[in-house]
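A.B. asks: Sharing a structure here in structure tokens format.
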Amino acid sequence: MIQPPGNCPVCKRIDFVQKVSALYHNSFSTTTELQTSTTFVSSVTGSDSAGNPTYGSVPQTTYSTVPVTHQTRLGALLNPPQLKKIPLPVGEKIILWLCPVLAIALYVGPASLFPHLFGRSGTNPAIALVLLVIFSMCGLSIGLPVLLGFLTHRVFFRRANEHRRELQQHEQEHWQSLLRQWEQFCYCSRCDCVFSSGDEKAVPPQQLQRLYSSG
């Protein structure tokens, strides 16, 4: 349950106290700013001795308005806790990165081989190209990399991914605990301090992390 703002533990007053969550959500503002861009276009710049026009690149500046979102300095200091993502195992990342390379290699190989084979047999090159596309889409160049990626995630690194999911679940629960604490924080603009409702401990906004308990 989110408690209402309480008295500041420093000045013992409530008239300048606000909830941190409200200050954070109100710290964003969007404005429109003028943006300029310069491009070079070809244009007639003169004529030669024979009277023929000469062309050159002329800079052309365009102006446009774009929305820009700003956040106050105080709002940035009062950011809520962020959920950390547990990355994939390093070995699995390497194999998954190599899957597109394998797909390209399995495509380029037949692409260089098929025209020679079908050219020698007198087959129309267009037919050879169609057969190559069918082979690539339905055959090795996609099937093998997809199978390798599936086996990597479900078989080769199954235990590592089960452990990663357990860590992610633990991190999710820890983040939710920190978020519930953050929702209880208050800020006193008179004393420039942050405190938790019902707690006598107060810290500057720059030291907001000190208010979080490990529970």
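For every residue, the table says whether it meets (1) modelled with pLDDT of 65 or more; (2) part of a helix (DSSP H, G or I); (3) closer than 30 Å to PHE16 by Cβ.
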residue: ILE104; (1), (2), (3): yes, yes, no
residue: SER112; (1), (2), (3): no, yes, no
residue: HIS116; (1), (2), (3): no, yes, no
residue: ARG180; (1), (2), (3): yes, yes, yes
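A.B. asks: Can we say ASP199 is at pLDDT 90 or above and among the acidic types (Asp, Glu)?
C.D. replies: no
A.B. asks: So how many residues does segment 1-54 have that are closer than 18 Å to GLU183 by Cβ, polar (S, T, N, Q), out of contact with any helix residue (DSSP H, G or I) (no Cβ under 9 Å at 6 or more places or on another chain) and not in a loop (DSSP other than H, G, I, E, B)?
C.D. replies: Adding up the residues that qualify gives 1.
This table checks each residue for (1) of a type in the set (Ser, Thr, Tyr); (2) farther than 30 Å from GLN207 by Cβ; (3) out of contact with any Asp or Glu (no Cβ under 7 Å at 6 or more places or on another chain); (4) surrounded by 10 or more Cβ atoms within 10 Å (Cβ to Cβ).
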position	(1), (2), (3), (4)
PHE16	no, no, yes, yes
SER27	yes, no, yes, yes
THR30	yes, no, yes, no
GLN35	no, yes, yes, yes
TYR63	yes, yes, yes, no
GLN71	no, no, yes, yes
GLN82	no, no, yes, no
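A.B. asks: Is there any pair linking a residue in segment 46-65 that is at pLDDT 70 or above to one that is assigned to a strand (DSSP E or B) and among the charged types (D, E, K, R), with Cβ under 7 Å and at least six apart or on different chains, and which?
C.D. replies: Correct list of pairs: THR65/GLU33.
The values are calculated or read from the model by the stated rules, or taken from the named source; none is laboratory data. This structure is a prediction, so every number in the text was calculated from the model and none was measured. Cβ coordinates were reconstructed from backbone atoms using ideal geometry, including for glycine residues, and neighbour counts include every protein chain displayed.
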